[in-house]
Ligand code: HEC
Ligand code: HEC
């Protein structure tokens, strides 16, 4: 009787202990879902390009409401099964992974997988299918691999550079940023590292050759600022910069800058290399101011100003394009700009 009672007491104690143990583990494994959402959806991570804005899936699997555990997530992110790039702790901390897991598990299970962000047409080149549909580079870089082609022109790079950028990205990218402009503050590296066993060199070579066929793109940035009225009119400044590596990156040649005047305004004066005056643009039926600039070498920037009289029609802001004739590229060679607040940058997307 006594021993039975003793055993019973021990059993109760053991159960109670096991309970607190489980509770403690659960407490440890709960992150901050609000921060998880911020990191996943609004952070600098690009996870949503493949997993969907609400973690409903897309090119990558759905994560919402699937009860993925912290350990599973760490394994999947640090050492992916297949085509996902690996993100290292400097890009995404363990705590941030825990917060994301907690967030995904607050979401309902997705009734249907979301659409792919980008899809290469079945009639397109094989290398494009590889880059966009099969390896997923194009889920972030679009159907013409815009950012990698800008980077290649800015570094006047070869295939060795390309391989390092893909296989060892988290290490190589900050070094390149320092080389390009040590002063400029940049956020964390966004793209992860791809494994050569999942993305073999032969496939990268196919993509590289196709990128060369499309043509590398000089990394031009155009920023239009200003808008303070004065006695003579309202003056705007356009800064055009070649962000390539000094003495190495490609030169943009024979540039045409076209600035569309908002309805209701007229050009009073302008400064900067090669100002051609204004003309009527047939296509948009608006007045445009035009500059022709012989070249912009790597790391060079030039300023162009224009003073407008009159009052722009509601919501109309000056906007325009920078195009160049050489080197030739079949896509992405035109930079769009529009009036922006101080601090913003001219080239969006990746
Ligand atoms: C290029 C597209 C892509 C990006 C970007 C991406 N993933 Fe993935 N992810 C995948 C694919 C595809 C898989 C399936 C496994 C594989 O192919 O590696 C996956 C698998 C996962 C899994 C495992 C899912 C499961 O079913 O167990 C998690 C967790 C995950 N990703 C989280 C993330 C997080 C967090 C980020 C951002 C830091 C991210 N992924 C960025 C494509 C991507
Ligand atoms: C998660 C989105 C994402 C995926 C997937 C991705 N990239 Fe990137 N890549 C980026 C971003 C963002 C940058 C800009 C630097 C940074 O923050 O990492 C970049 C930079 C690069 C660069 C260097 C560009 C420069 O300015 O020098 C190359 C080259 C590149 N990517 C190639 C690839 C290839 C090839 C693949 C597929 C095997 C790929 N990327 C997949 C997001 C991605």
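Just so you know, all these numbers are worked out from the coordinates, no wet-lab data involved. Since this is a predicted model, take the numbers as computed values, not measurements. Positions of Cβ are generated from backbone atoms using ideal geometry, with glycine treated the same way; all protein chains shown enter the neighbour counts.
Where does helix 169-180 land angle-wise versus the long Cα axis of the chain, in degrees 0 to 90, nearest 10?
Once rounded, the angle reads 30 degrees.
Please work out the Kirkwood hydrodynamic radius for region 173-255, using every pair of different C-alpha atoms, and report it in angstroms with one decimal place.
Evaluated on region 173-255, it is 16.9 Å.
Would you order 306, 77, 68 from fewest to most other beta-carbon atoms within 10 Å of each residue's own beta-carbon?
Going from least to most buried by this count: 68, 77, 306.
For the chain, how big is the tail of P(r) above 36 Å, as a whole percent of Cα pairs?
39 percent
Averaging sequence separations of C-alpha pairs under 8 Å and six or more residues apart, then dividing by the length of region 126-214, give the relative contact order as a whole percent.
It rounds to 37 percent for region 126-214.
For residue 177 and residue 303, what does the FRET efficiency come to when R0 = 30 Å and r is the distance between their Cβ atoms, rounded to the nearest 0.05?
0.80
Taking Cα atoms, how many degrees apart are the long axis of helix 2-28 and the longest axis of the chain, rounded to 10 and kept between 0 and 90?
Tilt of helix 2-28: around 0 degrees.
Need one number: nm distance between label points at residue 326 and residue 109, each 7 Å from Cα along Cα→Cβ, rounded to one decimal.
Placing both labels 7 Å beyond Cα along the Cβ direction yields 6.2 nm.
GNM, the chain, Cα, under 10 Å: largest mean-square fluctuation among 268, 101, 132?
Evaluated over the chain, the most mobile residue of the options is 268.
List 190, 292, 67 from most exposed to least, where exposure is judged by having the fewest other Cβ atoms within 10 Å.
67, 292, 190
Over region 21-114, with a single point scatterer placed on each C-alpha, what log10 of the ratio I(q)/I(0) does the Debye formula yield at q = 0.25 1/Å?
Taken in order of the listed q values, log10 I(q)/I(0) reads -1.48.
Kindly state, as a whole number, the per residue volume in cubic angstrom of the convex hull around the alpha carbon atoms of region 113-160.
84 Å³
Would you compute, from DSSP H runs of 4+ residues alone, the mean residue ellipticity of the chain at 222 nm, taking -39500 (n - 2.57) per run and dividing by the full residue count, rounded to the nearest 500?
Helix-only estimate at 222 nm: -9000 deg cm²/dmol.
What does the extension gain come out to for residue 231 and residue 78, with contour length at 0.36 nm per residue minus their alpha carbon separation?
49.1 nm
Compute the long axis of helix 146-155 from its Cα atoms, compare it with the longest principal axis of the Cα atoms of the chain, and write down the angle in degrees, 0 to 90, nearest 10.
Compared with the principal axis, the helix lies near 70 degrees.
Would you list 287, 158 from fewest to most Cβ contacts within 10 Å?
Ordered by Cβ neighbours within 10 Å, fewest first: 158, 287.
Please compute, for the alpha-carbon atoms of region 220-338, the extent along each of the three principal axes and give them in descending order in Å.
Principal-axis extents of region 220-338 (Cα, largest first): 44, 29, 24 Å.
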